[in-house]
């Protein structure tokens, strides 16, 4: 069996050091129990990567909507350096951080988009350009699914973390159908697939 990808320690350390250095001024993650929050974000990012790989195959490209400080997008890039990523973030301060960290860490094939997913989907270069879309703590799947659909290729996927105490919707507008769920701490990973012919 092939060894699962892992985050190289030096790269992970460099990324987390940048988060810690800028968190007080930029509010990248919660300032209360910052190290605990970072551990949870990294854990969830890695779990999402493995769930997508298991349920849909390792992506060659993905869009991370509402990436904030780079979760899960930057973690995914550290897990799979060859993956092409579009990181979408509305906060100018977080966009500046993402641009800085991707440049400092020499992360290639990563585009940081300042705005929201609807704006990105209006640009021809992003329309149906990605294997899938991922979100963490952005909104309800029923609200986000239709927004991410224009960015994802036919037959693609949408993965998110949802509350573990609720039954997720089986179908979402935008031709999404629930493929699979995985337990994750007090939450669940939800993987939707496109019903495109």
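For segment 3-90, which fully contained helices (runs of 4 or more DSSP H) count at least 3 residues that are touching a residue at least 40 places away in the same chain (Cβ under 8 Å) and over 16 Å from residue 101 (Cα atoms)? Break it down into steps so the answer makes sense when it comes.
Numbers: elements: 9-26, 34-56, 73-79.
Result: 34-56.
Results for (1) out of contact with any strand residue (DSSP E or B) (no Cβ under 7 Å at 6 or more places or on another chain); (2) more than 15 Å from residue 158 (Cβ to Cβ), shown as yes or no for each residue.
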| residue | (1), (2) |
| --- | --- |
| 60 | no, yes |
| 64 | no, no |
| 73 | no, no |
| 80 | yes, yes |
| 85 | no, yes |
| 93 | yes, yes |
| 106 | yes, yes |
| 110 | no, yes |
| 113 | no, yes |
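Report those strands (runs of 3 or more DSSP E) wholly inside segment 110-197 carrying at least 3 residues which are in contact (Cβ under 8 Å) with a residue 24 or more places away in the chain and more than 22 Å from residue 78 (Cβ to Cβ). Give the steps one after another, and end with the answer.
Numbers: elements: 110-114, 130-135, 152-163, 176-184, 187-194.
Once the strands (runs of 3 or more DSSP E) in segment 110-197 are filtered for at least 3 residues that are in contact (Cβ under 8 Å) with a residue 24 or more places away in the chain and more than 22 Å from residue 78 (Cβ to Cβ), what remains is 152-163, 176-184, 187-194.
Residues are listed down the side, and each one gets a yes or a no for (1) more than 18 Å from residue 62 (Cβ to Cβ); (2) buried (at least 20 other Cβ atoms within 10 Å of the Cβ):
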| site | (1), (2) |
| --- | --- |
| 125 | no, no |
| 128 | no, no |
| 137 | no, no |
| 147 | no, yes |
| 152 | no, yes |
| 156 | no, yes |
| 171 | yes, no |
| 178 | yes, no |
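Computed from the coordinates by the stated procedures, all read-outs in this text should not be read as laboratory data. Quick caveat: nothing in here was measured; it's all calculated off a predicted structure. Because the Cβ atoms are built from the backbone with ideal geometry, glycine has one as well, and the counts that use them run over all protein chains shown.
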